[in-house]
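Trainee: What follows is a structure written as structure tokens; I'll ask about it next.
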Amino acid sequence: MLDLKLMQKDPELVRAALEKRGSPIDVAEFTAMDERRKALIAEVETLKAEKNRVGPEIAKRKKAGEDASDLLERMGLVAERTRRLDAELSEVEAAEKEWMMTVPNMPHASVPVGKSEEDNPVVRVWGEVPKFDFQPREHWDLGTALGGLDFERAAKLAGARFAISFGWCARLERALAQFMLDTQTGLHGYTEVIPPYIVNRRTMTGTGQLPKFEEDLFKLTDERDFFLIPTAEVPLTNIYADEVLDEAQLPVKFCAFTPCFRSEAGSYGKDTKGLIRLHQFHKVEMVNFAHPDRSYEALEVMTGAAEKVLQLLELPYRVITLCTGDMGFGAAKTYDIEVWLPGQDKYREISSCSNCGDFQARRANIRFQPAGSKKTEYVHTLNGSGLAVGRCLVAVIENCQRADGAIVIPQALRPYMGGLEVVEPK
RNA sequence: GGAGAGGUGGCAGAGCUCGGUUUAAUGCGCUGGUCUUGAAAACCAGAGGCGGGGCAACCCGUCCGGGGGUUCGAAUCCCUCCCUCUCCGCCA
């Protein structure tokens, strides 16, 4: 959520910032609501102040056995009017809050202005794109041929956009997950967390999935307001909801390996084959709670932590900055890491690292107390994939394939694979 | 799933029976001060969040788990939801 004060003080600045990301807002609509709210508050509070003054007088008279019917009659009218105005005030407040909650974050000044993914500049490229003396195959083809992947039976069990892994492939996915967790906890100082995979509405609202994107989520309709997490960013970021951290605690760095569930409504026809876009996938997620002065620095470091995994696996990739028009709802700045996929002959997203500034912290009410200060401030929250496990599995299969259809396990993963070096065709 | 108890300010904990000098007692902790070589102790004073108004010192409203209701007036009465604890049952 944006700062209400800023919205009141300089709505034009907010409007201009959001225009850059293609999210127009109606300033007049907001101003009308805000002014109506203030007018109602002024009137309601005048009435309540009178109530508070007269109340003790009624009590005093009753105690003394005196008649108070004149005051009672008058206060009856005041109460009636207060009820009506209070009801209207609640409506206006709810509408204004809802309005604020559906406004996306403002892009940071350093974010390049652009309309779509076409306009995302490449920041750096790492590794050599491998040259094959044969036609490289796609992962669903290779994986299925080696008996590791089965999409048909997955469709029987659950439907489209699901997969089953068997044997070496299941183990490889587990190895990747463990390798990523070990890297983030061992090399980069992250604390490993196992959070709930099901969360409530409040939590989904804190990170920005709700109220605007409910159709992207899986909801447990028979239960209370329960949702399956679309990313561990949601439970990890909300861990400190409604809490005040000590300045000395910052930065707090959590990572978690979790399943992620996405309805993929609206992505019909996109990536219908393979592991790229599933309803259920695994991801290692990193979340930082950072001091506002150091959050953009932290974003660079976090992106580097995600890159490190690909470097150790020797998978070529590039980093791009999302332009203003391509950023997610809560982000102020985002780097995407795209890994090279020979089967598809292109780079595909494998990680997204964002600084959300105080946008989520304000929604979830996550603050810190600067040393020696009585006041609290909102922390800055960052999140990034470190990495998407399923897509990394795709990258390993496609980049490490041999002409005979075998897959050569990357050196770094072999200890996690019981020493296995090559997955041989039968 | 069954039965019972409870959610009050940073923490502990009264108030709820009988709604109105409670602007939520008291203790601890916290901040400033006095005293002291320093610290402790003692004593004095102060202190919250959110919102509205004012140039300002300030003033007002609101907050006793969330929401709703009764009433001139609710921490207190009623309804509802959530959470915690104890006992029983079941269970990886």
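Read-outs throughout are calculated quantities, based only on the coordinates presented, and are distinct from any laboratory measurement. Model, not experiment: these values are computed from the prediction. For neighbour counting, all protein chains shown are included, and Cβ atoms are generated from backbone atoms with ideal geometry for every residue, glycine included.
Trainee: Mind telling me which of A:306, A:154, A:28 comes out most flexible in a GNM of chain A, alpha-carbon contacts under 10 Å?
Mentor: Answer for the Gaussian network model of chain A: A:28.
Trainee: If you rank A:6, A:420 by fewest surrounding Cβ atoms within 10 Å, what's the result?
Mentor: So the residues, fewest neighbours to most, are A:6, A:420.
Trainee: Quick one: if the Förster radius is 35 Å, what FRET efficiency do residue A:68 and residue A:94 give, using the C-beta to C-beta distance and rounding to 0.05?
Mentor: The pair residue A:68/residue A:94 has a calculated efficiency of 0.45.
Trainee: Determine the percent antiparallel among the DSSP beta bridges restricted to chain A, to the nearest 5.
Mentor: 90
Trainee: Pop a pseudo-label 7 angstrom from the Cα along the beta-carbon direction at both residue A:414 and residue A:5 and give the gap in nm to one decimal.
Mentor: It is 5.9 nm.
Trainee: For chain A, what does the alpha-carbon gyration tensor say about shape, rounded, prolate or oblate, given a ≥ b ≥ c as the root eigenvalues, a/c under 1.5 as rounded, and a/b over b/c as prolate?
Mentor: Verdict is prolate for chain A.
Trainee: I need the phi-derived Karplus couplings for the stretch A:33-40: 6.51 cos²θ - 1.76 cosθ + 1.60, θ = phi - 60°, integer Hz, Gly and Pro marked x.
Mentor: Along the stretch A:33-40, the couplings run 5, 5, 6, 4, 4, 5, 5, 5 Hz.
Trainee: Here is a follow-up. When we measure straight from the Cα of residue A:346, which lysines land under 19 angstrom away, once same-chain ones fewer than 8 places off are left out?
Mentor: A:131, A:270, A:273
Trainee: Putting +1 on Lys and Arg Cβ atoms and -1 on Asp and Glu Cβ atoms, find which of A:1, A:123, A:71 reaches farthest to the positive end of the dipole of the stretch A:1-149.
Mentor: Result: A:71.
Trainee: To the nearest Å, what is the center-to-center distance of the stretch A:9-48 and the stretch A:255-327, using C-alpha atoms only?
Mentor: Result: 34 Å between the Cα centres.
Trainee: Moving on. How far is the Cα center of the stretch A:147-213 from the Cα center of the stretch A:378-419, in Å?
Mentor: Computed from Cα coordinates, the inter-centre distance equals 13 Å.
Trainee: Further question on the same structure: Let a ≥ b ≥ c be the square roots of the eigenvalues of the Cα gyration tensor of the stretch A:166-252; is it rounded (a/c under 1.5), or, if not, prolate (a/b larger than b/c) or oblate?
Mentor: It comes out oblate by the Cα gyration axes.
Trainee: Tally Lys and Arg at +1 and Asp and Glu at -1 over the other residues with C-beta under 11 Å from the C-beta of residue A:322: what net charge comes out?
Mentor: Net local charge, residue A:322 excluded: -3.
Trainee: Placing unit charges on C-beta atoms (Lys and Arg positive, Asp and Glu negative, everything else neutral), compute the dipole magnitude of chain A about its Cα centre in debye, rounded to 20.
Mentor: The calculation lands at about 600 debye.
Trainee: Please state the charge dipole magnitude for the stretch A:241-382, taken about the Cα centre, from unit charges on C-beta atoms (+1 on K and R, -1 on D and E), reported in debye and rounded to the nearest 20.
Mentor: So the magnitude is around 300 debye.
Trainee: Another question, if that's okay. Say R0 is 51 Å: what FRET efficiency, to the nearest 0.05, do residue A:45 and residue A:213 get from their beta-carbon distance?
Mentor: Step by step, r from the Cβ atoms, then E = 0.90.
Trainee: Okay, next question. Which of A:101, A:180, A:286 moves most in a GNM of chain A, Cα contacts under 10 Å?
Mentor: A:101
Trainee: Can you work out ³J(HN,Hα) from phi for every residue in the stretch A:407-413, in order, using Karplus 6.51 cos²θ - 1.76 cosθ + 1.60 and θ = phi - 60°, giving whole Hz and x for Gly and Pro?
Mentor: Here the 3J(HN,Hα) series is 10, 8, 5, x, 3, 4, 8 Hz.
Trainee: Quick one: Karplus J couplings for the stretch A:138-155, per residue in order, coefficients 6.51, -1.76, 1.60, θ = phi - 60°, nearest Hz, x for Gly and Pro?
Mentor: 7, 5, 5, 5, 4, x, 5, 4, 8, x, x, 10, 9, 8, 5, 5, 4, 5
Trainee: In the Gaussian network model of chain A, springs joining C-alpha atoms below 10 Å, which of A:189, A:330, A:65 carries the largest mean-square fluctuation?
Mentor: Answer for the Gaussian network model of chain A: A:65.
Trainee: Let me ask something additional. Which of A:329, A:359, A:257 comes first, and how do the rest follow, when ranked by fewest Cβ neighbours within 10 Å?
Mentor: By the 10 Å Cβ count, ascending, the order reads A:329, A:257, A:359.
Trainee: Tell me which residues come under 5 Å, amide H to amide H, from residue A:347 once H is placed; ignore anything under 5 positions away on its chain.
Mentor: Under 5 Å from the amide H of residue A:347 lie the amide H atoms of A:341, each far enough along the sequence or on another chain.
Trainee: Follow-up. Shape call for the stretch A:1-145 from the C-alpha gyration tensor, a ≥ b ≥ c root eigenvalues: rounded (a/c under 1.5), prolate (a/b greater than b/c) or oblate?
Mentor: In terms of gyration-tensor shape, prolate.
Trainee: Also, quick follow-up: Order of A:366, A:25 from fewest to most other C-beta atoms within 10 Å?
Mentor: Least to most surrounded, the residues fall as A:25, A:366.
Trainee: Moving on. Under 12 Å from the Cβ of residue A:176, count the other residues' Cβ atoms, weight Lys and Arg +1, Asp and Glu -1, and hand me the total.
Mentor: Taking every other residue near residue A:176 into account, the sum is +2.
Trainee: Follow-up question, since we're still on this one. Give me the extension gain from residue A:406 to residue A:242: residue separation times 0.36 nm, minus the current Cα-Cα distance, reported in nm with one decimal.
Mentor: Length gained between residue A:406 and residue A:242: 53.9 nm.
Trainee: Report the local net charge at residue A:390: Lys and Arg +1, Asp and Glu -1, summed over other residues whose C-beta lies under 14 Å from its C-beta.
Mentor: Local net charge: +2.
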